[in-house]
Amino acid sequence: MPIKFGLKYSGSNWFVPKENIRTPGEAVKRNIFAYFTFRQANKPTILMKKFVVAALVSLSFLTGCGGGSAFNFNQTIIQKEESLVKDLESTEAKVLEYVKNDHYDSIAIAGGRMEKLIEEKLQEIRELPAPDAKGAEAFKTSAINYFVFIKQVYTGYRQVGEAKDEDQRAEEWAALMELVGKRQEVLDKMQRSQKAFASANGFRVQ
């Protein structure tokens, strides 16, 4: 696996090799900086943007309009996600600048803001009546779990920013990277749920 930005790749994450680091505090800062630098330079692989594109694929009618309520339910959930895209992308860019300048308090604020925005969408989905359609409740649950995961990532941002010292920041960063490493599992579950919902209600995945 090639090295990019002085990084090495392990599992699903890029990191700064130990031989390039002099102190534990520097290790934390350089790994955080490297992670966000890589994500900004490779926008198609950005965690949140990947979710927007891959997790909620568009559906179209297979036959007639008998699955209208199910289709509209799916579209409503997609719209909830799409309404967050600009904030997600803007926050990612800002966090990189905050890391460059050691503005961890700003990272905490940015993470907290996204937590609130995502929670608003979560609450809207929780209150959204599931249609009388096959697999609707299961699909709704899957959508809720998906948004919960996104919120947890930004909770991780906030906790990294709020860390009282470098040791705590290292612990919070490790926990965040462990969570981020589960992104493909979350994506796969969401895709399977949506495909099953589509198939059961006369839709096809485009």
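Every number in this text was worked out from the coordinates using simple rules, so none of it is lab data. If you're wondering where the values come from, they're calculated on a predicted model, not measured in any experiment. Backbone-built Cβ (ideal geometry, glycine too); neighbour counts: all protein chains shown.
Quick look at the numbers
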| item | result |
| --- | --- |
| Given K94/K182; K94/K151; K86/K116; K80/K116, the pairs whose alpha carbons are separated by over 21 Å | K94/K182 |
| Loop sites in the stretch 103-206: GluC sites (Glu not before Pro), DSSP, at most 10 other Cβ within 10 Å | none |
| Formal net charge of residues neighbouring A163 (Cβ-Cβ distance under 11 Å; K, R +1; D, E -1) | -4 |
| Cβ-based exposure ranking for V186, V160, in which fewest neighbours within 10 Å come first | V186, V160 |
| C-alpha center-to-center spacing [the stretch 162-206, the stretch 75-115] in angstrom | 16 |
| Value of relative contact order over the stretch 93-206, rounded to a whole percent, pairs C-alpha under 8 Å and six or more apart | 31 |
| Exposure proxy order (Cβ contacts within 10 Å, fewest to most) of Y157, Y104 | Y104, Y157 |
